[in-house]
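One structure is given here, and the rest of the page talks about it.
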Amino acid sequence: MNTRTLFYLPLLFITMTLGAQRSTAALAAEDRRALDEARVSMTALLSTVYTDSSETARFTACRDLIRELVTALDRSHSFTYDFSALPGLSVQYPPDSTFRVFTWELNVDRDQYRHYGAIQKNAVQLELFPLLDRGDEWLENPENAVVGADNWLGYAVYRLLEGGIHQDRPYYFVLGYDSYGTYRRRKVLDVLHFDATGKPKFGLPVFETYTDSDLLLSDRARIILEYGAEATVALRYDEDLGGIVYENLIMVPGNYGEGPVNMPDGSYHLLKMTPAGLWREEEQVFTHKYEEAPREVAKPDEGLDLIGRSRRGGGRR
């Protein structure tokens with residue numbers, strides 16, 4: 001399989017979604033039956049995407065999954081249909097339910113993952129924006145870039161949060177996970193907003209964070225946590241603390257000859273909104289630190305991972 005072809009898979013979204021007009025009727029029984037059938041088909045395709053040992057089979061299933069999803073959504077009031085229980089397909093809504101985000105990832109080979117997805121607006125007229133994973137092309141300052149859906153960083157979304165208001169328009173925090181590679185994983189705190197024409201944009205300089213030397217990281221538009229594959233790193237909203245909590249990472253030697261990797265040291269950062277509308281990094285909310293980064297003890301996989309895949313039975317995580 002020529003993996004360059006994978007970059008063009010999302011174009012299927014574009015060629016299949018332009019100009020669709022919708023009626024004002026509710027989801028009809030015929031449409032619901034068709035969507036139920038699509039759900040069964042998509043479940044089988046997702047199983048192939050995540051578990052088949054053949055690169056060609058995974059690629060083909062991913063292509064067919066895109067077509068099946070677009071065809072399914074190309075129905076009146078498809079936004080009301082619930083796809084959230086499909087294993088391996090992350091379907092996330094913000095608190096205001098004005099849109100939803102579909103994402104999944106494809107294991108290209110040992111060291112490469114590609115991500116696919118789309119944003120569907122909550123509208124009578126189908127508004128579907130494909131997400132094109134260009135993360136491999138982000139070589140400099142990935143935390144500062146503000147980009148469109150056609151230049152997306154690439155990750156599986158596991159939660160959407162209300163962020164605030166910027167220039168009289170709402171923005172949302174996107175919490176994402178990227179299997180990334182053999183020895184490293186990533187979690188991303190991204191910012192999603194919509195421009196004056198209604199098109200999605202990713203990244204917004206709403207953070208007030210600092211280096212270890214207390215220098216302001218100006219124009220930081222997202223936070224990327226890259227860490228060793230054996231670690232589990234928290235990135236979540238904490239109701240009790242009233243902000244976004246994420247773990248502090250320190251660089252340590254890798255255990256498998258992969259070179260230095262970042263690992264959690266037992267302390268956390270907290271982002272809270274200021275009266276000026278910025279999300280300021282407060283002092284580490286738990287002060288205990290280890291002299292060396294703690295390593296997780298391996299334990300049997302069980303349950304589902306962040307994007308709804310079974311942890312049981314094969315496949316890298």
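What the table shows:
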{"item": "Within-11-Å neighbourhood charge of residue 95 [Cβ basis; K, R +1; D, E -1]", "result": "-1"}
{"item": "Region 178-298: radius of gyration over Cα atoms, expressed as a fraction of 2.2 N^0.38 Å", "result": "1.16"}
{"item": "Which of 103, 51, 80 has the fewest Cβ neighbours within 10 Å, and the rest in rising order", "result": "80, 51, 103"}
{"item": "Fewest-first ranking of 263, 273, 42, using other Cβ atoms within 10 Å as the exposure measure", "result": "273, 42, 263"}
{"item": "Region 218-249: GluC sites (Glu not before Pro) in DSSP loop, at most 10 other beta carbons within 10 Å", "result": "239"}
{"item": "Burial ordering of 199, 121, fewest other beta-carbon atoms within 10 Å first", "result": "199, 121"}
{"item": "DSSP-loop GluC sites (Glu not before Pro) across region 120-159, with at most 15 other Cβ within 10 angstrom", "result": "140"}
{"item": "Selection of chymotrypsin sites (Phe, Trp or Tyr not before Pro), region 163-272, meeting DSSP coil and at most 14 other Cβ within 10 Å", "result": "256"}
{"item": "Student exercise, region 178-298 dipole from Lys, Arg, Asp, Glu Cβ charges, in Debye to nearest 20", "result": "500 debye"}
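No value in this document is a laboratory result; all are computed from the given coordinates. All values reported here derive from a predicted model rather than from experimental measurement. Every residue, glycine as well, gets a Cβ built from its backbone with ideal geometry; the counts of neighbours run over all protein chains shown.
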